[in-house]
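The values are calculated or read from the model by the stated rules, or taken from the named source; none is laboratory data. Just so it is clear, the model here is predicted, and its values are computed rather than measured. Methodologically, a virtual Cβ is constructed for each residue, glycine included, from the backbone with ideal geometry; neighbour enumeration extends over all protein chains shown.
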Amino acid sequence: MTRKARAQRIHAQLEEFFPTVEPALDHRDPFTLLVAVLLSAQTTDKKVNEVTPALFELGPSPEAMAARSPEQVLEIIRPLGLAPGKSRNVVALSKLLMERHQGVVPANLPDLEALPGVGHKTASVVMAQAFDVPAFPVDTHIHRLAWRWGLSEAKNVEQTERDLMALFPKDSWNKLHLQIIFFGRQYCPARTHKPDHCPICSWAFSAQRRKVETSRR
């Protein structure tokens, strides 16, 4: 089976399992989405959603958040991983939004990636979910599944992103990256992975990949 045919079959299965998807992080505008995605690094979406109501009451806009101190933000987001650094970045990016963008979240990757604490993946999520611009945010989970399914041999998320963009229609990217994340959580976890029980790995997982993954345990 060619890689393209494999991608088409996987795409069809993901459509069957998750015909509709919604972003997992609670937000109400591009700014609150940007902050929520930044906070989600090395923690769960559930944990982020638990702290953001109080955080967005403290700073509902870039202007309001820029007036807060990192210590005030930290007091709220302390349960999250890497909280001290995240609190500094939330305040710093809010100040930069005021200084450079009149308090408006920019709708382009270079300006987003120039904000404190905002990497390519976070910027891509904002482009896709806030502005509906085709993007394919790839995190370590999507990177792992792309390898398991034989869609990419890449050693890093940047190349995996390029591989997936080449395999799937551009108008499917924004939905597809969420479908892969949701599928991974439910059927294809990082740990206790059982390929024979996974609706996709059961046919897409090669003997070589099975051997490599088994050796990692």
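Please state which of the following conditions GLU153 fails to meet, knowing it meets all the rest: (1) acidic (Asp, Glu); (2) surrounded by 13 or more Cβ atoms within 10 Å (Cβ to Cβ); (3) without any contact (Cβ under 8 Å) to a residue 40 or more places away in the chain.
So GLU153 meets the others, but not (2).
Could we say that ALA130 is over 17 Å from ALA12 (Cα atoms), out of contact with any strand residue (DSSP E or B) (no Cβ under 6 Å at 6 or more places or on another chain), touching a residue at least 40 places away in the same chain (Cβ under 8 Å) and assigned to a loop (DSSP other than H, G, I, E, B) here?
So ALA130 fails the test.
Would it be correct to say that ALA154 is in a helix (DSSP H, G or I), of a type in the set (Gly, Ala, Ser), out of contact with any Lys or Arg (no Cβ under 7 Å at 6 or more places or on another chain) and outside the structural domain of ALA107 (by TED's automatic domain parsing)?
No.
Which of the residues that make up the stretch 96-108 are surrounded by fewer than 16 Cβ atoms within 10 Å (Cβ to Cβ) and part of a helix (DSSP H, G or I)?
GLU99, ARG100, HIS101, listed by residue number.
I want to confirm something. Restricting to the stretch 185-217 and keeping residues that are touching a Phe, Trp or Tyr at 6+ places or on another chain (Cβ under 6 Å) and in a helix (DSSP H, G or I), which single residue is surrounded by the fewest Cβ atoms within 10 Å (Cβ to Cβ)?
PRO195
Right, ALA190: at pLDDT 95 or above, in the same structural domain as ALA7 (by TED's automatic domain parsing) and not β-branched (Val, Ile, Thr) or not?
Answer is no for this residue.
Give the stretch 164-184 a look and list any residue that's without any contact (Cβ under 8 Å) to a residue 24 or more places away in the chain, in a helix (DSSP H, G or I) and within 26 Å of GLU22 (Cβ to Cβ), or say none.
None; the set is empty.
Would you confirm whether or not the stretch 119-126 contains a residue that is surrounded by fewer than 21 Cβ atoms within 10 Å (Cβ to Cβ) and not in a helix (DSSP H, G or I)?
Yes, the stretch 119-126 has at least one match.
Restricting attention to the stretch 132-150, and to residues there that are among the charged types (D, E, K, R) and over 20 Å from SER206 (Cα atoms), which single residue is surrounded by the most Cβ atoms within 10 Å (Cβ to Cβ)?
ASP139
Per-residue answers, yes or no, for (1) touching a Pro at 6+ places or on another chain (Cβ under 8 Å); (2) at positive phi; (3) without any contact (Cβ under 8 Å) to a residue 24 or more places away in the chain; (4) not polar (S, T, N, Q):
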| site | (1), (2), (3), (4) |
| --- | --- |
| ALA67 | no, no, yes, yes |
| GLN72 | no, no, yes, no |
| ARG78 | no, no, yes, yes |
| LEU93 | yes, no, no, yes |
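If PRO137 meets every condition in (1) in contact with a Lys or Arg (Cβ under 7 Å, 6 or more places away or on another chain); (2) within 26 Å of MET1 (Cβ to Cβ); (3) part of a loop (DSSP other than H, G, I, E, B) apart from one, which number is that one?
Result: PRO137 fails condition (2) only.
Just for helices (runs of 4 or more DSSP H) wholly inside the stretch 1-95: which have at least 3 residues that are exposed (fewer than 15 other Cβ atoms within 10 Å of the Cβ)?
Hits in the stretch 1-95: 3-17, 45-58.
Please pick out the residue among ALA166, ALA207 that is more than 19 Å from PRO134 (Cα to Cα) and either touching a strand residue (DSSP E or B) at 6+ places or on another chain (Cβ under 9 Å) or among the small types (Gly, Ala, Ser) (or both).
ALA207
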